[in-house]
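J.: Got a structure for you, written out below as structure tokens; questions coming shortly.
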Amino acid sequence: MKPGKYFGVFLSVVFLLAGAYVLRESVRNSGQFSEEGVLLGALLSALALVAMSWSVRVHLNLKAFERHMKRR
């Protein structure tokens, strides 16, 4: 078992929570910098999606590698 097996999932959860917090606060306190807050929240949410897709890709590649090594 690798030590960083769930790092991608952890990273995506952190980015998603940070993005949701920034979006909520920018909508709640819609002042002078609310547009920047919405853009930053959307950017963090997009980073969460990228981290999750990276985690899924790594998982699928590891499973394919395990199947390949079993056939040898």
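J.: Among the residues of region 12-24, which ones are surrounded by 15 or more Cβ atoms within 10 Å (Cβ to Cβ) and without any contact (Cβ under 8 Å) to a residue 24 or more places away in the chain?
T.: Matches in region 12-24: V22, L23.
J.: For region 47-72: of the residues being small (G, A, S) and without any contact (Cβ under 8 Å) to a residue 24 or more places away in the chain, which is nearest to A18 (Cα to Cα)?
T.: So, considering only residues that are small (G, A, S) and without any contact (Cβ under 8 Å) to a residue 24 or more places away in the chain, the one nearest to A18 (Cα to Cα) is S53.
J.: Taking region 25-43 as the region of interest, how many residues are free of Cβ contacts under 8 Å to residues at least 12 places away in the same chain and in a helix (DSSP H, G or I)?
T.: Result for region 25-43: 6.
Bear in mind that the values in this text are calculations on the coordinates, not laboratory data. A quick note: this is a predicted structure, and the numbers were derived from the prediction, not measured. Glycine gets a Cβ as well: all are built from the backbone with ideal geometry, and neighbour counts include every protein chain shown.
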